[in-house]
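First comes the structure, then the notes that go with it.
The values are calculated or read from the model by the stated rules, or taken from the named source; none is laboratory data. Please read all numbers here as calculations on a predicted model, not as lab measurements. Note: ideal-geometry Cβ built from the backbone for every residue, glycine included; neighbour counts use all protein chains shown. Side chains are part of the model used for accessible areas, which takes the heavy atoms of the whole protein and leaves out ligands, DNA and RNA. Shrake-Rupley method; radii C 1.70, N 1.55, O 1.52, S 1.80 Å.
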Amino acid sequence: MAEAARRIDMLDTAPRFTAAQADALNVRFAGVATHEMLAALLREGLAGRIAAVSSFGAESAVLLHLIASVDRNVPVLFLDTGKHFAETLAYRDELVARIGLTNLINLTPDAEVLAKRDETGLRWSYDPDGCCEIRKVLPLAQALSGFDASFTGRKGFQSKTRAGLARFEIDTTDAAGRLKVNPLADWSADQIEAYFKATGLPAHPLVEQGYPSIGCSPCTTKVAPGEDPRSGRWKGWDKTECGIHVEGAASELPPGYDPAF
Ligand code: SF4
């Protein structure tokens, strides 16, 4: 009995994917069109239990539309931080209905953690890393613990830190060996624009107001033409990512994390 329990425990903690397996998927799908790759991945179950993580930001519609064209029931995880623009929440609802997504999951921060670590709701103004941890990293890590892989909408052209992004990589935010799939890794801004035009998908309403990358409202500013699209995020801070894509971000997190943390 004890041996069986130990084996189950080992299975639960064993890495789901290895770097070699991620590399093999990169080789298998090199040059394969994105839709074809998604269809094979989902129909053959190559990534196991997979969820899409979406910010419902400026370009999110493209990946969600591509995924839904294969399977509308893929879980879509949205980090409902409590700090989004009202336009983003309305756009989320519009896209879900328009694309026909049937499995949207809104992830909210733990109420006890918020009460203890961000009582005023202003942590973003003096400790954005801590704020992102409470409102994004912890809720997402807990949600992803039930999945083997996740889709992200990241693209290589978005910033210097994302240049050369691979389609398949190991999620380094914790030790679970989860696969991270970036179907749009090699897409250009022109391809994204062309996809919007071809499908008639609605644009995020803030894009035309000068926001090419949209996150939480306190941490998103307008960007001048020609500037790095993500330069309007956390302006004035030495911070380029919210933490959900940062190595080791959730390494200390147990599945049912201590709210007092
Ligand atoms: S983006 Fe800003 S408001 Fe949103 S969770 Fe991070 S620090 Fe907080």
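Annotations for the structure displayed:
- Accessible area of the stretch 117-165 belonging to carbon and sulfur atoms, whole % at 1.4 Å probe: 52
- Sequentially through the stretch 200-217, phi angles give Karplus couplings (6.51, -1.76, 1.60; θ = phi - 60°) of x, 5, x, 8, 4, x, 7, 4, 6, 8, x, 10, x, 9, 10, x, 5, 5 Hz, Gly and Pro residues having no value and appearing as x.
- Near Ala52, the amide H atoms lying under 5 Å from its own belong to Val76, Leu77, Phe151; only residues 5 or more places off or on other chains count, and H is placed 1.01 Å from N.
- Sequence of Lys83, Lys197, Lys235 when ordered by accessible area, the most exposed leading, probe 1.4 angstrom: Lys197, Lys235, Lys83
- Ranked from largest to smallest solvent-accessible area, with a 1.4 Å probe on the protein heavy atoms, Ser145, Ser60 come out as Ser145, Ser60.
- Phi angles of the stretch 55-65 translate, via the Karplus equation with coefficients 6.51, -1.76, 1.60 and θ = phi - 60°, into HN-Hα couplings of 8, 6, x, 4, 10, 4, 4, 5, 5, 4, 5 Hz per residue; Gly and Pro are given as x.
- Prolate/oblate/rounded label for the stretch 128-187 (Cα gyration tensor, a/c 1.5): oblate
- Sequence of Ser55, Ser150, Ser231 from largest to smallest accessible area, 1.4 Å probe: Ser55, Ser231, Ser150
- Prolate/oblate/rounded call for the stretch 174-238, Cα gyration tensor, a/c under 1.5 rounded: oblate
- Residues of type lysines that Lys235 reaches as a straight line, Cα spacing below 18 Å, ignoring anything fewer than 8 places off in the same chain: Lys83, Lys160, Lys222
- Taking label points 7 Å from Cα along the Cα-to-Cβ direction, Glu119 and Leu201 give a separation of 4.3 nm.
- Phi-based couplings in Hz for the stretch 19-35 (Karplus 6.51, -1.76, 1.60; Gly and Pro marked x): 4, 5, 5, 4, 4, 4, 5, 4, 5, 4, 9, 4, x, 7, 4, 4, 5
- Residues in the stretch 69-116 average 48 Å² of solvent-accessible surface per residue, probe 1.4 Å, ligands and nucleic acids excluded.
- Less than 5 angstrom separates the built amide H of Phe168 from those of Asn182, all sequence-distant by 5 or more or on a different chain.
- Centre separation in Å (Cα based) which lies between the stretch 58-112 and the stretch 125-162: 15
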